[in-house]
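Some notes on the structure that comes next.
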Amino acid sequence: MDSKYEVKTPDFSHLTSADFEHVYEPAEDTFLLLDSLQEEASFIQHMKPSVCVEVGCGSGVVITALSKLLNQSALCIATDRNPYAALCTQRTAKQNSCHVEVMNCDLLTPLERRLQGSVDILIFNPPYVVTPSEEIKSNGIEASWAGGADGREVTDRLLPLIPKLLSPQGVMYLIAIRENKPKELMSWISSLGFKSTVVLARRAGPEHLSVLKFYRDSSVR
Ligand SMILES: C[S@@+](CC[C@H](N)C(=O)[O-])C[C@H]1O[C@@H](n2cnc3c(N)ncnc32)[C@H](O)[C@@H]1O
């Protein structure tokens, strides 16, 4: 499936260094996710998703890129526990003439019931750095990276929800680093009835980043 669509980094020139004291500045992991959307562009467009969700949207460039890829045909929802990130995501969507429904909340807590079985694309670039568990309690910039034990404590709270959240055709894209034990994540997801592949992997300084894709065993890829 070839896609001629080029996933460009949305304009975030409205965000300044003062904003990036409070919200995660797009970095190698963000760009790997954008490159993965390019890799998956044709698949995503053919799927004709109705509902797309990004958890932990930060500056908002990823969900805005997805909204543009779909020519705004899908409902795009973004959440972040950092209120400043929610605000920046709203500004980024507007700057790029897109509409994204943004909520300041923990994971998808207030939306879980309403979204059951309806999420076609779920994206999470979690706080993945190995840190002491106490550090994951912040609602500020620290929430961007503090991942607790194995850098997995936040990811591990979202994964059990995906069988209920994803639609029959639904897929999830998740960033992981080597310390997060991606193979263990893939075998866990397999026990929940999902298959997985690595869309892209790249080394960025000390980080070995990969974008994992999870999809239902029954669906044809
Ligand atoms: C690594 S940053 C990624 C930001 C953006 N998606 C990107 O790719 O540039 C992780 C984001 O997840 C948010 N986050 C961390 N824990 C969260 C939670 N429990 N619920 C919602 N968002 C969370 C952080 O505030 C931060 O904006």
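The values are calculated or read from the model by the stated rules, or taken from the named source; none is laboratory data. Since the model is a prediction, treat every value here as computed from it, not as a measurement. Glycine also receives a Cβ, built like all others from the backbone with ideal geometry; neighbour counts cover every protein chain displayed. Protein only, heavy atoms only, side chains kept; ligands, DNA and RNA dropped before computing areas. Shrake-Rupley method; radii C 1.70, N 1.55, O 1.52, S 1.80 Å.
Of note:
- Matching option when the condition is of a type outside the set (A, V, I, L, M, F, W, C), without any contact (Cβ under 8 Å) to a residue 60 or more places away in the chain and within 8 Å of the ligand (Cβ to nearest atom), among 125, 139, 104: 139
- Of the helices (runs of 4 or more DSSP H) lying entirely inside segment 135-218, those carrying at least 1 residues that are of a type in the set (Asp, Glu) and over 17 Å from the mean Cα position of the chain (by Cα) are 182-191.
- Verdict on residue 181 being out of contact with any His (no Cβ under 8 Å at 6 or more places or on another chain), open to solvent by 50 Å² or more (accessible area, probe 1.4 Å) and within 11 Å of the ligand (Cβ to nearest atom): no
- A count restricted to segment 22-42 and to residues that are part of a loop (DSSP other than H, G, I, E, B) and among the β-branched types (Val, Ile, Thr) stands at 1.
- When 74, 85, 27 are screened for being over 13 Å from residue 10 (Cα atoms) and open to solvent by less than 10 Å² (accessible area, probe 1.4 Å), only 85 passes.
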